[in-house]
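Below is one structure, written out as structure tokens; comments come after it.
The values are calculated or read from the model by the stated rules, or taken from the named source; none is laboratory data. Here the structure is a predicted model, which is why all the values come from computation and not from measurement. Because the Cβ atoms are built from the backbone with ideal geometry, glycine has one as well, and the counts that use them run over all protein chains shown. Note: accessible area is taken over every heavy atom of the protein model, side chains too, but ligands, DNA and RNA are not part of it. Shrake-Rupley method; radii C 1.70, N 1.55, O 1.52, S 1.80 Å.
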Amino acid sequence: MTIENISQAKVAGGWHKQYTHTSSALNCDMRFAIFLPANASETNPVPVLYWLSGLTCTDENFMQKAGAFKKAAELGIAIVAMDTSPRGEDVADDAEGAYDFGLGAGFYLNATQAPWNRHYHMYDYVTKELPSLIEEHFPVSDKKSISGHSMGGHGAITIGLKNQDMYQSISAFSPIASPINCPWGQKALGLYLGDNKEAWLEYDSAELLKKDSKLPILVDQGEADGFLEEQLKPEYLLSSAEQSGADVEVRMQPGYDHSYFFISTFIDEHLEFHAAYLNK
């Protein structure tokens, strides 16, 4: 697969690089970014943390605002961040241009309903195409963990739980814990997947967690998050973890909201959490 470098900058002794490529999973051109620590080389491939961002975001939000590079460099971990949906003039969007569906809001699933099923296969992109591309072009190992924020927190937990042999650990900030039980999720799942609500369960973190999880999961949630009660509902994760006995820690953080100020405060702890499993 061919990739094109469109920007790069040295940071924390390593490199932040941004690329575009033509995606066969999404049937459009896509953009991603990678941070490579200084110790990454062909003779020393490093593990990778995949980051999934939230509604309206691109690959740039985390890379520019999270302040993750120094700690990632110290721990010897690469970070990959991707766009949150397919993009392009022929990619279907919400009819009213709403922020919570369509462009910027791929929800990390494989759409089955027209017109969304032509492009919206973010699940395949995250789990198959992108990691294959990363491992082909960069000095990384096949050891992976996954994390994300909000819609991306939903994506990280669902993808991690559905692919437990692929990842070492899962974490999330302010995840949409149960899309089947909140307006954002009900809109997205209904339009992308149709009326068969059995299909929705395959993309609901709390429902998947009821079954089992052999992976450790760390969640941070701000208590002053304006979306907490209506959209995020971390209590569903806690209930499911109690039911299945899964290794899940949900930390409620007083005073913190939904922003990258919150993420930047605790990102080092998440990187250290993942490093404990990636560097075993």
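For the reader, a short list of remarks on this structure follows.
- Of all residues in region 201-247, those that are over 14 Å from Thr158 (Cβ atoms) and not acidic (Asp, Glu) total 19.
- Of all residues in region 47-64, those satisfying the criterion of being buried (at least 23 other Cβ atoms within 10 Å of the Cβ) and within 16 Å of Asn279 (Cα to Cα) are Val48, Leu49, Tyr50.
- Total residues in region 233-280 satisfying the condition of being surrounded by fewer than 21 Cβ atoms within 10 Å (Cβ to Cβ), over 17 Å from Leu52 (Cβ atoms) and aromatic (Phe, Trp, Tyr): the figure is 3.
- Qualifying residue in region 93-105 (condition: in contact (Cβ under 8 Å) with a residue 40 or more places away in the chain, over 17 Å from the mean Cα position of the chain (by Cα) and not in a loop (DSSP other than H, G, I, E, B)): no
- The single condition among (1) surrounded by fewer than 22 Cβ atoms within 10 Å (Cβ to Cβ); (2) within 30 Å of Pro254 (Cβ to Cβ) that Leu103 does not satisfy is (2).
- If you go through region 235-252 and keep only what is touching a helix residue (DSSP H, G or I) at 6+ places or on another chain (Cβ under 7 Å) and under 26 Å from Asn61 (Cβ atoms), you end up with Tyr236, Leu237, Val248, Val250.
- Residue pairs whose Cβ atoms lie under 6 Å apart, separated by 6 or more positions or on different chains, with the first residue in region 1-27 and within 27 Å of Leu109 (Cβ to Cβ) and small (Gly, Ala, Ser) and the second modelled with pLDDT of 95 or more and not in a strand (DSSP E or B), are Ala25/Asp124; Ala25/Tyr125; Ala25/Glu129.
- Selection of region 150-166 for residues being open to solvent by 10 Å² or more (accessible area, probe 1.4 Å) and either within 21 Å of Asp94 (Cα to Cα) or not acidic (Asp, Glu) (or both) yields Leu161, Lys162, Asn163, Gln164, Met166.
- Among residues of region 58-76 that are touching a residue at least 60 places away in the same chain (Cβ under 8 Å), none has a Cβ under 7 angstrom from a residue that is open to solvent by 30 Å² or more (accessible area, probe 1.4 Å) and of a type in the set (Val, Ile, Thr) at a sequence gap of 6+ or on a separate chain.
- One residue from Ala92, Ala78 being over 22 Å from Trp184 (Cβ atoms) and either crowded, with 23+ Cβ neighbours inside 10 Å or at pLDDT 95 or above (or both): Ala78
- Any hit, region 115-137, residues being over 30 Å from Asn196 (Cβ atoms) and surrounded by 18 or more Cβ atoms within 10 Å (Cβ to Cβ): yes
- Criterion: small (Gly, Ala, Ser) and more than 19 Å from Glu272 (Cα to Cα) - qualifying residue of Gly104, Gly13, Gly67, Gly76: Gly104
- Selection count where residues are in a strand (DSSP E or B) and either at pLDDT below 95 or among the charged types (D, E, K, R) (or both), scope region 5-60: 4
- Positions within region 195-219 being within 17 Å of Gly245 (Cβ to Cβ) and touching a residue at least 60 places away in the same chain (Cβ under 8 Å), in sequence order: Pro216, Ile217, Val219
- Residue match in region 220-227 (condition: in contact with a Leu (Cβ under 6 Å, 6 or more places away or on another chain), in contact (Cβ under 8 Å) with a residue 24 or more places away in the chain, surrounded by 15 or more Cβ atoms within 10 Å (Cβ to Cβ) and of a type outside the set (D, E, K, R)): no
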